[in-house]
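K.L.:
Encoded as structure tokens, here's the structure I'll be asking about.
The values are calculated or read from the model by the stated rules, or taken from the named source; none is laboratory data. None of the values given here were measured: they were computed from a predicted structure. All Cβ positions, even for glycine, are placed from backbone atoms using ideal geometry, and neighbour counts span all protein chains on display.
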């Protein structure tokens, strides 16, 4: 409030116009609103910063409300973040994670999920999650590594399982998926996966897209089982850097799908479906891959290779191949 000179006692409260009552030689107080006035030695009229008890209570109340409101808003923001964090997981993954980490799923962060290095998901009557916080590739002894594995079984119907939840496990190096829906799984956008074993499945559009996020700098080993229904092999473009590949029950129409597999060292064709008149040409093309060290054909298609032809290959490729007729 603007100051003004006075020669003595103020005439009325400048705030409400109420009567002023002198409390001491230098202090006056409004009998209506309680505002206080101080008279300085030079008789300057100044409005005090002091307030009545009622106004102090009012302001304190308003401050408390403001603090409480801020706290409530902060809590709502925090809980909304927790709900958002928890809601990204389906029932099956949620139950698995809560048991694996021993805390509510909303409190499981990115740093927790990154600790899982090995994950195997199976489904029979229940979903079975086998996992390890240890990297498979840090162990030379397979038996020693198996000691690090833990298994959690989750009872959940198929509609309560979302394979897309896999994308949050950014630390995995070895992955095994046996739930018939590998095409709907989503690999983390950035990953260091080195090995993938999975069952065949087709997306709704008929085009498998699971391997589109495969990391060509790390992925070394792939095995696809129960692949008799697999028609579209365009995903092979994403696997050209692998060193080991196993195909089970796949229908191979030609060897063109292996073009560019210059790093492939080990190839197993187990019970694959190949036309009899094409079997020898496809096999010979695979044996000619520059890095091939071991080739195995097992099952009916192996019978399509004449003994004479196989003996020629054995001499030419010096024990790199194996023919198993069952």
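K.L.:
Before we move on, is residue 96 at pLDDT 95 or above, closer than 22 Å to residue 222 by Cα and not in a loop (DSSP other than H, G, I, E, B)?
P.N.:
no
K.L.:
Can you tell me how many residues in region 289-304 are more than 10 Å from residue 267 (Cβ to Cβ) and crowded, with 19+ Cβ neighbours inside 10 Å?
P.N.:
Result for region 289-304: 2.
K.L.:
Might you check whether a residue that is in a loop (DSSP other than H, G, I, E, B) and either touching a strand residue (DSSP E or B) at 6+ places or on another chain (Cβ under 7 Å) or crowded, with 20+ Cβ neighbours inside 10 Å (or both) occurs anywhere in region 204-211?
P.N.:
yes
K.L.:
OK, next. Going by what's in this entry, would residue 282 be described as more than 24 Å from residue 200 (Cα to Cα) and crowded, with 17+ Cβ neighbours inside 10 Å?
P.N.:
On the way: more than 24 Å from residue 200 (Cα to Cα): no; crowded, with 17+ Cβ neighbours inside 10 Å: yes.
No: the conditions fail for residue 282.
K.L.:
Using the structure shown, decide if residue 108 is farther than 22 Å from residue 225 by Cα, at pLDDT below 95 and surrounded by 13 or more Cβ atoms within 10 Å (Cβ to Cβ).
P.N.:
Answer is yes for this residue.
K.L.:
Return the residue satisfying two criteria in turn: it lies in region 150-163 and is surrounded by fewer than 11 Cβ atoms within 10 Å (Cβ to Cβ) and at pLDDT below 95, and of such residues it is nearest to residue 100 (Cα to Cα).
P.N.:
157
K.L.:
For region 165-203, give me the residue count where each residue is closer than 22 Å to residue 244 by Cα and not in a loop (DSSP other than H, G, I, E, B).
P.N.:
12
K.L.:
Also, quick follow-up: Mind telling me which of the residues 319, 260, 241 ends up being more than 17 Å from residue 200 (Cα to Cα) and more than 39 Å from the chain's Cα centre (by Cα)?
P.N.:
Answer to the selection: 319.
K.L.:
For the condition in contact with a strand residue (DSSP E or B) (Cβ under 8 Å, 6 or more places away or on another chain), crowded, with 18+ Cβ neighbours inside 10 Å and under 27 Å from residue 194 (Cβ atoms), what is the one hit in 235, 261?
P.N.:
Unique residue meeting the criteria: 261.
K.L.:
For region 129-149, give me the residue count where each residue is in contact with a strand residue (DSSP E or B) (Cβ under 6 Å, 6 or more places away or on another chain) and either modelled with pLDDT under 95 or not in a helix (DSSP H, G or I) (or both).
P.N.:
6
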